[in-house]
Structure formats: C-alpha cells, structure tokens
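Below is one structure, written out as structure tokens, with a few remarks after it.
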Amino acid sequence: MQLTVWTYEGPPHVGAIRIATAMKGIHYVLHAPQGDTYADLLFTMIERRDHRTPVTYTTFQARDLGSDTADIFQRACSDAFERFKPDAMLVGASCTAELLQDNPAGLAMALNLPIPVVPLELPSYQKKENWGASETFYRLTRALLTPRAQGFVKPEKAIGSRPSCNLLGPTALGFRHRDDITEITRLLNALGVDVNVVAPLDATAADIVRIPDADFNISLYPEISDVTVRWLERTFRQPTIRAVPIGVGATKDFITEVVKLAGLDPAVAQRVIPSRLPWYSRSVDSTYLTGKRVFIFGDATHVIAAARIATDEMGFTVVGIGTYTREFAREVRELATKLGVEALISDDYLEVEARIAELQPELVLGTQMERHIAKRLRIGCAVISAPVHVQDFPARYSPQMGFEGANVIFDSWIHPLMMGLEEHLIGMFRGDFEFSDAATPSHLGAGHGSHAHTTTAVAEAEPATADIQAAPAEHASVIPSVTDASIIWGADAETELKKIPFFVRGKARRNTERFAAMQGVGLITVETLYDAKAHFGR
Amino acid sequence: MTVHAPTPAAGCSEPVVQRQRGQRAVFCGLTGIIWMHRKIQDAFFLVVGSRTCAHLIQSAAGVMIFAEPRFATAIIEERDLAGIADAHDELDRVVDQLLARRPDIRLLFLVGSCPSEVIKLDLGRAAMRLDKRFNPACRVLSYSGSGIETTFTQGEDAALAAMVPGLPAAAQSGPSLLVVGALADVVEDQFRRLFTELGISRVDFFPPRRSTQMPAIGPDTVFLLAQPFLAETARLLETRGATRLAAPFPLGEQGTTGWLQAAASAFNVAPSLFDAATAAPRERASRAVARYAPQLGGKSIFFFPDSQLEAPLARFLANEAGMTITEVGMPYLHRQHLAQDMALLPPGTLITEGADVDLQMDRCRAARPDLVVCGLGLANPLEAEGLNTKWSIELVFTPIHGYEQAGDLAELFARPFIRKSRLLVELEPA
C-alpha cells in the first residue's frame with residue numbers, strides 16, 4: 001500500500017477514456033461500480049467539453065455481485081451499441097471490476113457486434129493513466145489497421161505531390177494539445193508538408209485506417225504515441241520524427257529533421273515565422289532573468305523541453321528536475337546528470353514538496369500540484385505539464401509547441417516573476433510598509449492566487465501548516481535551522497534576514513545555513529549572514 | 001434498463017413514484033469526505049482503495065485545496081492483492097506513517113472502498129486493532145464509502161453511523177435535542193440561537209466540530225434530522241433509545257418552520273412563544289425568496305438523481321418559488337424520513353427512484369424543462385443543447401438550510417436564468 005495525498009495520474013482506464021473522448025465515433029463500455037462516472041467531469045468541467053464522454057459505465061452495486069455482473073456488462077454493450085451506433089467499441093474493466101474477473105473481452109465478443117470491438121487489459125493495480133492512454137491508442141490502432149497490414153503496399157504517390165505525415169499523440173485533457181496541433185500543422189504546411197491524419201484527437205476509426213498512407217509519423221507526445229509509432233515502424237515501414245518541438249532550439253531541430261526526412265530544400269525553413277523569444281531574452285529588461293534558480297517537474301517530455309528552454313533560451317539556472325513518468329525516467333536522469341543536478345523520479349507529491357522546500361528555487365515550472373506547493377512556499381510558478389486544471393485550458397490560442405509556443409512560454413514563465421526595476425526598488429526601499437511580505441508583485445494584482453474552482457469553495461483554505469518561510473515569533477531569541485538541526489539563528493541575524501525581500505529570502509536563508517554548516521558555525525549571526533552573501537554572490 | 005410501472009405512494013393526491021435500474025451517473029460515498037473532513041476539524045479520513053479512489057476525491061474536490069487536506073488514500077497495489085504483503089500489516093504501516101506526520105489528528109476513519117470490499121479486507125477489525133494501539137491519543141473507526149454500497153451523500157450517513165455506538169450515554173436528566181447531519185457552522189449558530197429563544201437550551205449538533213465534543217445520547221434524547229440521507233444513523237440513534245422527531249427538512253421558510261415546530265411540540269413550547277421567536281425570520285426568509293420570483297415563478301424544473309435532497313428542494317421550489325416540477329429524480333427515497341416533505345409536494349409530482357441515465361436524458365430532452373438540476377458530467381453537454389442547468393453538487397457544498405439561507409437557496413436556482421439574461425453573446429453554431 002502506498003500513502004497518497006494527491007496523485008499525478010489517474011488509473012489506466014482514465015487514460016483509455018482520454019483516448020475515447022478525444023476521438024469521434026468510438027464508444028467505451030467500462031465495467032465499473034457506481035461512482036467511477038466521476039471521470040466524466042474531468043472532461044466536461046476541466047476541459048469544458050460540450051458533449052458527454054462516450055463511455056457507458058455498468059455501475060454495478062453490491063446486490064449485483066456474484067449474481068449477474070457479467071450479464072449487466074453484456075447488456076450495457078448491446079444497449080450502448082444500439083443507442084450510440086459507434087464505428088468501433090472499446091471494452092474493459094476498472095479497478096474493482098478487474099477483481100471480479102468477469103472477462104469483458106469474451107462477453108463483448110460473444111455478442112458478435114458488426115463493428116470492431118477492442119478489448120483493453122489495463123492492470124489497475126500496476127499501471128497508471130498515461131500508460132493506459134498509450135496502450136489504448138496502440139490496441140485500437142493495431143486492431144483497426146491489422147486488416148491492412150497483410151501484404152501492405154504503400155499507395156503510389158502522384159508525381160509532384162507534397163510529402164505527408166501523421167501527428168500522433170494528442171488526447172483529450174492534454175496540456176495545450178488542441179493548440180499545439182494547430183501550430184504544428186501550420187508550421188508543416190509552411191514547410192510544404194501535408195498532415196494526413198491527426199490522432200487520436202478528433203480522429204475517426206476511418207482516419208486511423210488511413211495512417212499508413214502518410215510518408216512518416218511525428219510522435220508529438222511520446223508518453224501517448226511512442227508504443228504506437230514503434231508498431232507503425234515495424235508494420236508499415238513508416239519512419240518517425242521524435243524531436244518534440246517545444247522551445248526555439250527544439251523547434252529548429254524538429255524542422256531540420258522534417259526537412260531531411262521529407263527530402264525538402266533546407267531553404268523552406270525560412271518560410272516559418274520565427275519566434276520573438278530570442279530577442280525578448282536578449283533585450284535588456286530580461287537581464288533580471290539571469291541565473292534565476294528554477295525547479296522543473298512534470299511529464300518527461302515537457303520537463304526535458306523546459307530544461308532546455310530554461311538554460312539555453314532564458315538564461316536560468318536549473319537547480320532540480322524530476323518527473324512522475326517512470327516510463328521515461330532514464331531520459332530525465334541522463335539530462336539531470338548533464339545539468340549537474342539530481343533527478344527526482346517520483347509520483348509522491350510530498351516528496352516533490354520536500355525537494356522544492358529544500359532547494360528554495362525562485363521559480364517552479366510544474367503541474368497543478370507544483371502550483372499548490374509553490375503557492376504554499378510563496379514561490380512563483382508556471383504550469384508546463386499535465387495534470388492541469390480548468391485555468392490551464394485558456395480561451396485564447398496558447399500553444400506550447402512551435403515558435404508561437406515559444407512566445408507563449410516566454411510570457412507565461414516570466415509572468416510570476418518580479419520585473420527588473422520592481423525587484424531593484426524593493427531591494428532599495430525594503431522598509432516601505434507596502435513592500436511587506438504579504439505584498440504580491442504589483443503586476444499580478446491583489447487578488448492573484450485565488451484561482452477559480454471547478455466545483456465550489458468546498459474547502460476553505462486552512463492556515464498553512466508547513467510554511468517554512470513563515471516569520472518566527474518576535475520574542476524568540478533563537479530559532480532552529482530549516483535544513484540542519486544543529487544550527488540555530490541568532491535574533492539579530494533573524495531580524496536582518498527579514499529585511500531581505502521575501503522572494504529571495506528563502507534562498508538567502510538556505511545559503512546562510514549551508515555556509516554555516518560548511519564553516520562549522522552553530523549560531524548564525526549578522527556576520528555569518530553577510531559572510532555567506534559574500535561567499536555565494538547574489 | 002428496467003422500468004417499474006409508476007405506483008401512487010398512497011392515495012391519488014400523493015406523488016407518483018416510479019423506479020428505474022440502469023447506469024447511474026452519481027458519485028460514490030467517498031465524496032462525502034470532501035465536506036466531512038472540514039466539518040470535524042481533528043478528524044482524518046484514510047481511504048483504503050485504489051488509484052481511482054484517490055483520483056475521484058481530488059477531482060471532485062477540484063484539487064484547489066490550498067492547505068494539506070485531512071484525507072488521503074492508502075492505495076492497494078499488486079503485491080497486496082497477490083498476497084506478497086499482508087494487507088493488515090501494510091495498513092498498520094501506513095497508519096503509523098500518517099499519524100507520525102499528523103500528530104494533531106484525534107479521530108481516524110478507515111474508509112472502505114469498492115476494491116477493499118470486493119477483496120473482503122476487514123476494516124472493522126483493522127480499526128479495532130489500531131484503536132487499541134492509539135486510543136486515547138487517537139480513536140480509530142471505520143465505515144464504507146464504496147460505490148457498491150453507498151451513493152454520494154450516503155457516505156456521510158455511514159461516517160456518522162460509525163460514530164453512534166461510541167457516543168457517551170446521557171444521564172437521564174430531562175429531554176435534550178440533537179440535530180443530526182453536517183451543517184455549515186454559521187447555520188448551526190443560527191439554529192442554536194433560535195432554539196435558545198424557544199427555551200430549548202440543551203441542544204447538540206452531530207457531527208461535532210471536534211471529535212472531543214461528542215454529544216451524549218440516551219432515552220431522553222430527541223433528534224431532528226437536518227439532512228434526508230441519514231437512514232442508518234437515525235436507525236442506530238433509535239437503538240440507543242433516542243427518538244426521531246418527524247418533520248419536513250429545514251429548507252426554505254415552510255420547511256424550516258415545520259422543522260422547528262417539531263422540536264417546539266416535543267419541548268412543549270407555547271404557540272405564542274414560537275410565533276414570537278419565528279415571526280421575524282419567517283418574514284425575512286419569505287422576503288428574501290420573493291426577490292427571485294421574477295426569475296423562478298412559473299418555470300419548470302427537472303431533477304437528475306444526486307443527493308436525496310431533491311424531494312425537499314422540489315417542495316421548496318414549488319411552494320415558495322412558484323416553480324413547476326417536471327420530474328424529481330432521487331437515488332433513493334426514504335419514505336419514512338421524507339413523509340412530511342412528500343405530503344407537501346404538489347399532488348401528482350413525478351418522483352423517479354434509482355436511475356437509468358440514458359432514459360432520463362431522453363425524458364429530459366423531450367420535456368425541455370426551463371431548468372435541469374444535474375451532475376457535473378451532464379451540465380455542460382445539456383447547456384450545449386440549449387438547456388439551463390444547475391450543478392447539483394453545489395446544493396450539498398453551500399449553506400442552504402434555515403431561514404437566513406432561504407434567499408441564498410432560491411438564488412442558486414435563479415442564477416442560471418439571471419446569467420442567461422445578462423449574456424448578449426450568441427453561441428456560434430458548431
């Protein structure tokens with residue numbers, strides 16, 4: 001058993017629902033108890049979808065156990081077929097039904113429905129949401145394409161026709177997938193490449209069958225598409241572009257790979273409208289971004305991309321990276337080694353929180369979980385990866401991929417940071433009563449931080465229990481160190497520390513304690529504080 | 001899937017009840033943890049379940065909880081199922097870890113789930129074992145919030161029922177009143193003031209705000225249910241000798257007056273005193289509801305089954321806001337506890353007990369009601385079809401009981417109409 005407060009990923013059948021919901025004309029019959037229908041609201045509320053999720057849940061109850069749950073499942077399949085008339089059906093079990101061993105695959109097959117029926121085996125007690133999405137996309141693609149695989153001959157292309165590709169991986173509830181697809185389709189069209197099929201997002205069963213017609217595949221979201229593109233490589237000899245175009249450098253690499261694979265003139269790259277990020281990063285206002293310490297956590301693809309942007313395109317210092325995607329842990333570990341930091345491979349929210357508290361970064365790039373952590377620790381945060389919440393599905397066009405994606409990233413990452421002059425003013429006039437710890441950056445407004453709820457104000461915020469930056473009681477003469485129990489702060493040093501603007505105070509505290517530990521100093525004085533400052537620099 | 005022929009409850013002026021079985025689009029009882037863990041401030045709810053359970057609670061809670069929540073999930077893994085790890089040893093380890101982290105917790109609920117019940121993990125036994133170890137620093141109880149046993153608000157019933165056997169016995173020293181069902185603190189305070197004015201001074205609320213303030217009960221205890229979904233809790237209170245006062249539920253002016261009247265009668269409060277104490281708030285409640293008459297009067301409303309609050313809500317909207325009731329869907333209908341509300345419903349009101357969500361969608365689309373009360377999974381799809389909706393979950397997470405909230409309750413139903421009348425942007429056809 002694992003003690004879990006928040007979870008980064010849902011169970012694998014939620015991944016399957018993300019595939020079914022993304023597509024058109026696909027229905028998922030899920031053997032599941034009453035209550036599992038909560039998954040619908042992820043799509044209708046968080047993503048504001050205007051249709052019901054295409055899922056029939058059997059919603060069996062205790063009184064059904066042992067008697068006729070199999071019968072309930074079979075009836076649900078035939079009812080769903082009659083009512084929704086899907087082009088293909090996915091069938092499977094959620095965690096509870098998995099324990100009943102009713103064999104949804106066999107029961108559904110016995111109905112002899114006149115459509116492809118794809119059984120899903122998603123082990124709920126071992127695997128998680130992204131794995132479930134990947135497996136579902138693979139099983140469905142494989143089932144629909146197997147008839148074409150036998151003796152496959154690629155259709156002749158008309159002379160002079162443009163090269164074509166498939167964009168694979170975007171799903172329902174994906175972080176900015178909708179806008180990424182628009183952006184990358186535009187980019188490819190500018191290069192002279194047609195998009196044959198986008199899947200699973202908005203694809204039909206017939207679209208899946210057309211996948212082998214394209215010259216190559218683009219694996220946009222490897223967490224979802226990697227298994228499928230490997231099968232397409234083996235079965236239809238379709239090569240794959242694996243460069244993920246998030247950030248200016250990565251987008252350029254992506255263009256280079258596409259140009260090479262499609263046999264285009266490298267000059268076509270000039271047709272793509274470039275990003276403003278390189279100039280924005282060089283303009284003098286961005287000087288204040290130099291060396292900002294960032295912590296990055298999310299799915300592996302977005303973390304790897306964000307680390308490159310942070311270091312090469314923003315001039316930040318990456319102080320820690322991590323991912324909850326165990327399937328791509330190796331890649332993240334390799335990157336961490338290059339960056340000289342330790343990778344955190346974990347889906348334990350408490351562990352991530354502890355790491356951020358320990359590192360005291362100036363900016364957190366993470367998921368909605370890290371947004372909560374950062375809020376509690378009073379550190380700026382921008383969201384870069386699923387899982388995300390309703391405010392991360394903006395009305396405006398805001399891709400992460402391509403050159404426009406790089407523009408969006410520049411804006412959204414610097415938004416939570418103090419602006420250059422503001423930071424200097426606070427440094428100089430920290431005694432000003434409005435520069436108190438409670439004051440947020442002026443450009444964020446007083447109400448910043450009170451995000452909209454999807455449900456209602458169910459839970460009132462309770463006083464933060466672990467606010468490690470909380471000022472100690474005035475009367476305390478000494479306070480214990482945060483990072484090292486053998487070190488204490490003298491009252492004068494503590495008072496001096498409070499004069500440091502709150503958004504760098506955590507770093508100053510941590511540096512001072514590290515310095516004290518290095519020097520074997522047990523009691524931190526004002527001297528120690530400034531010695532540490534001299535030692536570490538800003 | 002199965003439709004039973006409508007049967008009149010009793011006599012032709014009563015509501016007509018039809019029963020259905022099929023796909024249910026409702027939460028399971030685990031969802032109750034979202035409000036229960038805020039109500040009892042030193043309690044912690046540990047779900048023993050799957051990743052689905054953990055995902056459900058955080059999705060339903062909106063994951064917008066700023067502070068660390070007082071709930072968590074002990075996620076059952078493959079090795080627990082395969083018997084490699086002893087599930088009880090694992091649970092003990094998780095509880096040790098949890099209580100070491102949260103030494104402020106005084107009451108721990110082990111909450112059963114669908115998987116824990118299917119594998120027959122005996123949480124009652126685990127709770128007894130752990131209680132022996134941690135009592136008195138922390139009491140350990142168990143209940144089931146599983147979807148195979150409970151629907152949405154029944155989770156609160158199961159949690160309260162788990163506490164009843166441990167309630168201290170009251171000394172037999174005259175009657176006392178117990179109000180049963182989680183209410184917002186502000187509503188409790190309002191009710192307490194009203195009971196004081198009526199001369200009823202010995203009033204307790206259950207659940208209490210802290211687990212150390214458990215009310216004493218005994219044969220001299222009379223109790224009022226504040227919520228219609230507390231069947232098992234009421235039954236267990238009765239086995240402890242307490243007596244339930246039959247009353248409509250305290251929603252709106254009519255319901256609140258009937259509810260207070262039940263207590264007043266039991267405590268022999270003089271009618272003149274009752275009128276004096278309630279006249280002003282009654283008038284205030286009616287005035288507050290009347291503000292929304294322009295939006296609500298004459299409009300039709302259709303309830304999908306959700307919380308069991310549907311019957312008293314329909315009664316309030318029909319009698320005080322002038323709405324027409326198209327259909328009242330309820331997951332369960334406790335005929336005894338809801339008898340007073342049922343009797344006050346307009347004659348012939350159609351109540352559907354149980355659900356088949358697809359058939360209910362068909363009926364709703366055919367009826368085209370002015371307002372649909374439904375769950376979060378259906379609201380946006382119905383809005384996209386041009387229907388006005390009200391999320392049912394908001395009715396459970398908002399203070400709606402009592403005189404001073406009657407206007408707020410009406411406003412919740414009026415808001416979709418007010419909003420629609422403000423918006424001048426048209427939806428573009430897809």
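A compact table of results
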| read-out | value |
| --- | --- |
| Chain B - share of DSSP beta bridges that are antiparallel (%, nearest 5) | 10 percent |
| Neighbour-count ranking [beta-carbon atoms within 10 angstrom, fewest first] of A:TRP279, B:TRP35 | A:TRP279, B:TRP35 |
| Relative contact order (%) - segment A:1-157, alpha-carbon pairs under 8 angstrom, separation at least six | 33 percent |
| Cα-based reach from A:LYS507 at 21 Å (exclusive), listing lysines while leaving out same-chain residues under 8 positions away | A:LYS292, A:LYS375, A:LYS498, A:LYS499, A:LYS533 |
| Whether segment B:104-183 is rounded, prolate or oblate, judged on the alpha carbon gyration tensor where a/c under 1.5 counts as rounded | oblate |
| 10 Å Cβ neighbours from other chains, averaged over peptide A:44-52 | 6 |
| C-alpha center-to-center spacing [segment A:492-538, segment A:319-351] in angstrom | 29 Å |
| Three-way shape call for segment B:246-403 based on the alpha-carbon gyration tensor, with the a/c threshold at 1.5 | prolate |
| For peptides A:32-43, B:104-115, B:214-225, A:255-266, sequence by mean Cβ density within 10 Å, most packed first | A:32-43, B:104-115, B:214-225, A:255-266 |
| Residue-span extension gain [B:ALA270 to B:LEU359] - 0.36 nm each, minus C-alpha spacing | 27.0 nm |
| Between 0 and 90°, nearest 10: helix A:368-377 axis offset from chain A longest Cα axis | 10 degrees |
| Distance between modelled label sites at A:VAL526 and B:ILE84, nm, 7 Å Cα→Cβ extension | 6.0 nm |
| Residue with peak Gaussian network fluctuation, chain B [Cα springs, cutoff 10 Å], from B:THR243, B:THR352, B:THR212 | B:THR212 |
| Computed FRET value (nearest 0.05) for A:ALA395 with B:GLN18, which takes r as the C-beta separation and R₀ as 45 Å | 0.60 |
| Hits among aspartates and glutamates - C-alpha to C-alpha of A:LYS85 under 15 Å, sequence gap 8 or more where chains match | B:ASP358 |
| Mean separation of Cα contacts under 8 Å (6+ apart) over length of segment B:219-336, as relative contact order % | 24 percent |
| Among A:22-31, A:128-137, B:179-188, A:232-241, the order from most to least packed when residues are scored by Cβ within 10 Å on average | A:128-137, A:22-31, B:179-188, A:232-241 |
| Length-normalised contact order for chain A - Cα pairs under 8 Å, 6+ apart - percent | 12 percent |
| Ranked packing of A:211-217, B:169-175, most packed first, by mean Cβ within 10 Å | A:211-217, B:169-175 |
| Cα centroid separation - segment B:97-137 against segment B:399-430, whole Å | 42 Å |
| Set of aspartates and glutamates with alpha-carbon distance to A:LYS154 below 15 Å, sequence-local pairs under 8 removed | A:ASP213, A:ASP215, A:GLU233 |
| Average beta carbon contacts from partner chains per residue of A:115-128, 10 Å cutoff | 2 |
| Of B:LYS39/B:LYS420; A:LYS128/A:LYS260; B:LYS39/B:LYS132, those spanning more than 27 Å from alpha-carbon to alpha-carbon | B:LYS39/B:LYS420; A:LYS128/A:LYS260 |
| Karplus (6.51, -1.76, 1.60) ³J(HN,Hα), θ = phi - 60°, over segment B:136-146, in Hz, Gly and Pro reported as x | x, 4, 8, 8, 10, 10, 9, 7, 9, x, 5 |
| The protein assembly as shown shape via C-alpha gyration tensor axes, a/c threshold 1.5 | oblate |
| Distance from segment A:96-156 to segment B:166-219 (C-alpha centre basis), Å | 56 Å |
| Nearest-ten-degree value, helix A:526-536 long axis tilted from longest Cα axis of chain A | 50 degrees |
| Test item: B:384-396 mean partner chain Cβ contacts at 10 Å | 2 |
| Segment A:79-99 residues near the modelled A:ALA110 label - backbone nitrogen below 16 Å, point 7 Å along Cα→Cβ | A:79, A:92 |
| Sites B:LYS420 and A:ALA485, calculated FRET efficiency, Cβ-Cβ separation with R0 45 Å, nearest 0.05 | 0.15 |
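Values quoted throughout were computed directly from the atomic coordinates according to the rules given, and no laboratory measurement underlies them. These numbers were taken from a predicted model, which means no experiment stands behind them. So basically every Cβ, Gly included, is an ideal-geometry build from the backbone, and we count neighbours across all protein chains shown.
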